[in-house]
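Colleague: Right, I'll just put the structure down here and ask away after.
The values are calculated or read from the model by the stated rules, or taken from the named source; none is laboratory data. This is a predicted model, so every value here is computed, not measured. For neighbour counting, all protein chains shown are included, and Cβ atoms are generated from backbone atoms with ideal geometry for every residue, glycine included. Heavy atoms of the whole protein, side chains included, go into the accessibility calculation; ligands, DNA and RNA do not. Shrake-Rupley method; radii C 1.70, N 1.55, O 1.52, S 1.80 Å.
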Amino acid sequence: MILDLDELYQQVILDHSRQPRNRGELPDATRSAEGYNPLCGDRITVRLRERDGRIEDARFTGQGCAICTASASMMTDSIKGRTVAEAEKLFECFHDLLTGAAPDPVCQMGKLAAFADVRKFPIRVKCAALPWHTMRAAVKEQPDVVTTE
Ligand code: ZN
């Protein structure tokens, strides 16, 4: 697949895909979920340590393309320290960003706004969304593997 790399791989995404944050096991995780995107082959596991409704730590493992890896890295960075409710709200904000829906004024995307350009590449939207769907499954304690289909 040929993509316009200059447009899609903005600096922040490139940085996170090359040096993912929060990649690795989380032995004291209280919640986890697996996500799979058959269109691309992205497969990740998100692990969270939640206490009293707050996400104290978040890590991911697995294999994904550059967009999926960067998204997982930035997703875990974004939800650490937040409450479960805040993380779910951020999921909605990120979903709106990817789908081009009118943003909720409460959404503070920060660096996550870099993913707005992924919209131009519909097949990559699922790559960017997978870590978020997986995180949401983890906080909702859904047992099955999440897929983007
Ligand atoms: Zn992918």
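Colleague: Gain in length, Arg23 to Thr61, computed as 0.36 nm per residue apart minus the alpha-carbon separation, to one decimal in nm?
Modeller: Computed gain between Arg23 and Thr61 is 13.1 nm.
Colleague: Between segment 93-130 and segment 26-85, what's the alpha-carbon centroid distance in Å?
Modeller: One Cα centre to the other: 17 Å.
Colleague: Near Glu50, within a Cβ-to-Cβ distance under 15 Å, what is the net charge of the other residues, with Lys and Arg +1 and Asp and Glu -1?
Modeller: +3
Colleague: How long are the semi-axes of the ellipsoid equivalent to the chain, from square roots of 5 times the Cα gyration tensor eigenvalues, in whole Å, largest first?
Modeller: 23, 17, 14
Colleague: Pulled fully out, how much extra length does the chain show between Asp117 and Thr99, if you take 0.36 nm times their separation in residues and subtract their Cα-Cα distance?
Modeller: That works out to 5.4 nm of additional length.
Colleague: Further, regarding this structure: Output the antiparallel fraction of DSSP beta bridges having both residues in the chain, as a percent to the nearest 5.
Modeller: Around 85 percent antiparallel, to the nearest 5.
Colleague: What distance in nm separates the two pseudo spin-label positions at Gln11 and Thr83, each 7 Å out from Cα along the beta-carbon direction?
Modeller: Using points 7 Å along Cα→Cβ, the separation is 3.6 nm.
Colleague: Do you know the relative contact order of the chain, to the nearest whole percent, from alpha carbon pairs under 8 angstrom that are 6+ apart?
Modeller: Relative contact order for the chain comes out at 31 percent.
Colleague: Now, a different point. What does the highest-first list of 102-111, 59-68 look like by mean Cβ count within 10 Å?
Modeller: 59-68, 102-111
Colleague: Calculated FRET efficiency, Gln142 and Cys107, Cβ-Cβ r, R0 25 Å, to nearest 0.05?
Modeller: 0.55
Colleague: Got a sec? What order do Arg47, Arg23 fall in by accessible area at 1.4 Å, biggest, i.e. largest, first?
Modeller: Of Arg47, Arg23, the descending order of accessible area is Arg23, Arg47.
Colleague: Continuing with the same structure: Which net charge results when you count Lys and Arg as +1 and Asp and Glu as -1 among the other residues whose beta-carbon is under 14 Å from that of Asp104?
Modeller: Result for the local shell: -3.
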